[in-house]
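Step one of this worksheet: look at the structure below.
The values are calculated or read from the model by the stated rules, or taken from the named source; none is laboratory data. Note that the structure is predicted; figures quoted are calculated from it, not measured. Every residue, glycine as well, gets a Cβ built from its backbone with ideal geometry; the counts of neighbours run over all protein chains shown.
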Amino acid sequence: MRRGAITRQSILKAIAEYDELGREAFLSKYGYSKARTYVLVHEGREYDTKAIAGVAHKWDQERALKPAEFSGGKAHAVTWLERLGFQVQGGVPDFSELEFTHFLVQLLNKTGHRNVSQDVLLGPGARADIVAESQGAVLIIEVKRVSPQTNLRIEDAVKQVKHYGSLARAAQYGDHRQRLVVAAPGILANKSAELLAKRGVEIWDGTWIAARSVAAGLQDEASKFLTPEYFDAAPQSEALDLTDKLMQMPAGRGSWSAYQRLCRDIAEYLFCPPLKSPVWESLDDAEMNRRDFILPNYAEDGFWKFIRDKYSAGYVVTDAKNYTRGIEKQEIIKVANYLSRHGTGLFALIMTRVDPQESAVHAIKNQWMQHDRMIVTLTDADIVQMLTDKSFGNDPSEVIRQKIEDFRLGV
């Protein structure tokens, strides 16, 4: 029996049975739980994504899939439904940082940590989210609802938790060995995790939390904060394949075309849907300004709708620069020439191998302050982080959102 070998007609039959039986009876009949993250939207009604995809197999194959046989997230059910033209909403569990902190306290208590305390005053105006003890060490834990995915945010988190560590050492925990921790329900790519490790800070990310939640019998509770992919055996192979191709791609003119094609494939995997498939190497009316590719943006909600509304970005202009060095001012100016409020819009991505040079950074600021054009550069490290996010069912555009916020708060 092949998972995913279903048709649009079989999905419609599963929806019809769902409507006939009602939600509770349908889920009970096939042994499925209510959807926590993703929902199928059809003719204005919402359906439990995993249950619909699994039950649809009984019309195209010999039986319905059991819940344990596949993932309800992007790795399986969501991708099957989207490929058949159905609309799926969700992808980001809805919770507050305080709720996540409460859960971590529960998890720590369940896994043998002692003296677990929340919102601990360490000094004037300085409260650690969680302090706990384990194996002769005191843990100072800084909790983040969203994983810090830019170097600036990672450094800020390190600075914050190290400050708490210094205060704790000067207060009641002076005779304890310390472990400094940043806990977040997302996923960090290897480079970001290594940056934290070099600063002497542990990262408890979604994979860490999922593994320990399952061992502690708290998977149901953890599912409120983690997408289903965290409980799968492995991330999506497509994300790993694209990451490997990027890491093996040599920088320089000899691989220029291959890098452009790879960037197009990566952008389509990361952003489509909600964006439409890339339009390759288009020219403006004057046939002067060539764009590597553009992504039509008709998103009706979420981050990309905000981008369309804020930056008139009916299209996301994307340029690929396979330079061995950081891009400079002239590369920014060329991309800026593609952007117009009544044309593609005022938003662009530049996919490049390493951080831009200072002249490019200044040019990006000038384009924003003088012309309202927002240009975001994505290095190999940024792209790997987005591929990692996607493979675990998280929104890959979170990296872009954080980079825009960091940029605007620094102007």
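Candidates in the stretch 134-171 are the residues that are hydroxyl-bearing (Ser, Thr, Tyr) and in a loop (DSSP other than H, G, I, E, B); of these, the one that is nearest to LEU378 (Cα to Cα) is THR150.
Taking the stretch 22-52 as the range and being under 20 Å from ARG8 (Cα atoms) and out of contact with any Lys or Arg (no Cβ under 9 Å at 6 or more places or on another chain) as the test, the residues that pass are PHE26, VAL39, LEU40, VAL41, HIS42, GLU43, GLY44, ARG45, GLU46, THR49, LYS50, ILE52. Considering GLU69, GLU99, GLU46, GLU17, the condition of being modelled with pLDDT of 90 or more and either closer than 23 Å to PHE225 by Cα or in contact with a Leu (Cβ under 6 Å, 6 or more places away or on another chain) (or both) is satisfied by GLU99 alone.
Just to be sure, is ILE404 in a helix (DSSP H, G or I) and within 16 Å of TYR269 (Cβ to Cβ)? Break it down stepwise before answering.
Details: in a helix (DSSP H, G or I): yes; within 16 Å of TYR269 (Cβ to Cβ): no.
The answer is no for ILE404.
Of all residues in the stretch 132-141, those satisfying the criterion of being buried (at least 22 other Cβ atoms within 10 Å of the Cβ) and out of contact with any His (no Cβ under 8 Å at 6 or more places or on another chain) are ILE140, ILE141. Residue check: ALA64 meets all listed conditions (1) part of a loop (DSSP other than H, G, I, E, B); (2) modelled with pLDDT under 85; (3) aliphatic (A, V, I, L, M) but one, namely (2). Taking the stretch 296-340 as the range and being among the charged types (D, E, K, R), under 23 Å from ARG261 (Cβ atoms) and buried (at least 16 other Cβ atoms within 10 Å of the Cβ) as the test, the residues that pass are ASP319, LYS321, GLU331, LYS334. The single condition from (1) assigned to a loop (DSSP other than H, G, I, E, B); (2) modelled with pLDDT of 90 or more that ILE130 fails is (1).
Quick grid of which residues meet (1) under 22 Å from the mean Cα position of the chain (by Cα); (2) more than 30 Å from PHE271 (Cβ to Cβ); (3) among the basic types (Lys, Arg):
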| site | (1), (2), (3) |
| --- | --- |
| GLY31 | no, yes, no |
| ALA35 | yes, no, no |
| GLU43 | no, no, no |
| ALA64 | no, yes, no |
| GLU69 | no, no, no |
| LEU98 | yes, yes, no |
| HIS102 | no, yes, no |
| LEU107 | no, yes, no |
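When ALA77 is tested against the conditions (1) free of Cβ contacts under 8 Å to residues at least 60 places away in the same chain; (2) farther than 30 Å from HIS57 by Cβ; (3) surrounded by 17 or more Cβ atoms within 10 Å (Cβ to Cβ), the lone failure is (2). Selection within the stretch 226-251: residues that are at pLDDT 90 or above and not in a helix (DSSP H, G or I). The member of this set that is surrounded by the fewest Cβ atoms within 10 Å (Cβ to Cβ) is PRO250.
Residue count for the stretch 350-359 satisfying the condition of being surrounded by fewer than 22 Cβ atoms within 10 Å (Cβ to Cβ) and touching a strand residue (DSSP E or B) at 6+ places or on another chain (Cβ under 9 Å): 1.
Give SER397, SER391 a once-over and let me know the one that is closer than 17 Å to TYR315 by Cα, crowded, with 16+ Cβ neighbours inside 10 Å and of a type outside the set (A, V, I, L, M, F, W, C). Give the steps one after another, and end with the answer.
On the way: SER391 fails: closer than 17 Å to TYR315 by Cα.
Of SER397, SER391, the one residue that is closer than 17 Å to TYR315 by Cα, crowded, with 16+ Cβ neighbours inside 10 Å and of a type outside the set (A, V, I, L, M, F, W, C) is SER397.
The single condition among (1) touching a helix residue (DSSP H, G or I) at 6+ places or on another chain (Cβ under 9 Å); (2) surrounded by 15 or more Cβ atoms within 10 Å (Cβ to Cβ); (3) not charged (D, E, K, R) that HIS362 does not meet is (2). Each residue in the stretch 11-29 was checked for being under 12 Å from PHE86 (Cβ atoms) and more than 29 Å from the chain's Cα centre (by Cα), and 3 of them qualify.
Of the residues ALA320, ALA336, ALA348, which is of a type in the set (A, V, I, L, M), at pLDDT below 95 and either closer than 21 Å to ILE266 by Cα or touching a Cys at 6+ places or on another chain (Cβ under 9 Å) (or both)?
Numbers: ALA336 fails: either closer than 21 Å to ILE266 by Cα or touching a Cys at 6+ places or on another chain (Cβ under 9 Å) (or both); ALA348 fails: at pLDDT below 95.
Within the list ALA320, ALA336, ALA348, the selection yields ALA320.
Of all residues in the stretch 369-405, those that are touching a helix residue (DSSP H, G or I) at 6+ places or on another chain (Cβ under 8 Å) and closer than 16 Å to LYS310 by Cβ total 11.
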